[in-house]
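Scroll down for the structure; my scribbles are underneath it.
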Amino acid sequence: MRALLRTPATMVFLALSLAPLALFGIDGPWLGGGPGPALRAPMPFPSRLVPETFRRISTWFNDRIGMRFPLMVLDSHWRFRVWDFRFREQIIFGDGLWLFFNDDPAAPAARMSDLRGRLRMPDADITQLDRQLAAVQAQFAQCGKAAFVVIAPNKQSIYPEELRAGRSHSRSRLDDVLAKLSPQVRAMIIDPRPELREQKIRHGVPVYYRADSHWNELGAYVAYQKLIATVAQAKPVERPDLATLDGVSVHATPVAGGDIATRMLYLPWNFPDDRVSLRGKAEEPPLEIETQRDRRLVVNPQRQGRLLFLSDSFGDFLVGLLARHFHEVEQLSRPTWPAAFDGERVALRKADVVLIEIAERSLPELLQPPRRLERACE
């Protein structure tokens, strides 16, 4: 080893290899202006020899290379402009400026298994899901509580024609699950796909961001309307008349690309989008908001009743809207809180309605067993 390190060529090679770690800082400037994309913490250097040691060293090096942001942008430009790739990791490029996120995290995005009608939940899992949700429903009913699951659809479930010209809706995994659930459990599932498909052309703007995986304010509002209408059938809801688009005007403002274009492709300026906002909505009651890392509490002193809301990032658009009808809405964010009904948490918050929001592509997460249901009515 000493003889090797005395070789000038070896020393020069090592110096050139490590030089990028010291050049211009770890990240370098973000060429698009503003703060750069949020990245995971750099990989620590491996402390012991394991089968993946050399791969971890490579990741450690890549995470600390100088000018990292510009190099990521250059890599995306190379793939997108030169090689004309139509997919990258979990992303698939649609027509025009539309970007789509994978509908099956276990498979490459290029397959789009669910959109093609090839993805299914095993019958044994559907039976388990039916049994678990029926147990939740029965336990909550003993003390007058209600439980629901709202599905945030994959963007390609609403806009298959923007992914590929002529593409239409195939029978998806969600369709298959809903058809096989018992009627009483099926009534717990709030599926806003029909309403979103109907509204996507009515207002001249999309209901999802083109360069983001989420619905926009209009899409969230359409889902909120379906949600309130469904809950009101099972339990009285204050002021359901507020959930209307009558007299509401829809406005679109140009913005840089959304989460897919920014956090995954690092090319937000290549995928301009529109921020859709609603104006002239019905009266908005005063709200008091308490925010923590994984919890958000919204209080409306003009209403009664409590809603416990477990959600992913789609639910962020819904919290303020739901607070129009409840005295208190507590949002617990995943993955800190699992997509499972928790009787003890329901009792602690004195919740009248419990709602789990989950993205369509994450449907199997609902198989997590409910917790401490026997305590829900304490």
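Please treat every number below as a calculation from the coordinates, not as lab data. Remember, predicted model here, so these are calculated numbers, not experimental data. Virtual Cβ from ideal backbone geometry, glycine too; neighbours counted across all protein chains shown.
For this structure, a couple of remarks:
- Counting DSSP beta bridges with both ends in the chain, the antiparallel % (nearest 5): 50
- Cα-based shape type of segment 157-262, given that a ≥ b ≥ c are square roots of the gyration tensor eigenvalues and the cut on a/c is 1.5: oblate
- Electrostatic dipole magnitude of the chain [Cβ: Lys, Arg +1; Asp, Glu -1; Cα centre; debye, to 20]: 1040
- Residue order, fewest to most surrounding Cβ atoms within 10 angstrom, among 57, 228: 57, 228
- Residues 230, 59, arranged from fewest to most other Cβ atoms within 10 angstrom of their Cβ, appear as 59, 230.
- Largest-first principal axis extents of the Cα set of segment 256-325 (Å): 46, 31, 15
- Leading residue at positive end of dipole, segment 221-266 (Cβ point charges), from 265, 247, 223: 265
- In segment 287-353, the DSSP beta bridges split such that about 55 percent are antiparallel, to the nearest 5.
- With helices as the sole contributors, the chain gives -8000 deg cm²/dmol at 222 nm; each DSSP H run of n ≥ 4 counts as -39500 (n - 2.57), and the sum is divided by every residue.
- Spatially near lysine pairs across the chain, Cα under 26 Å, sequence gap of 8 or more or different chains: 17
- When the alpha carbon gyration tensor of the chain is reduced to an equivalent ellipsoid, the three semi-axes, largest first, read 42, 25, 22 Å.
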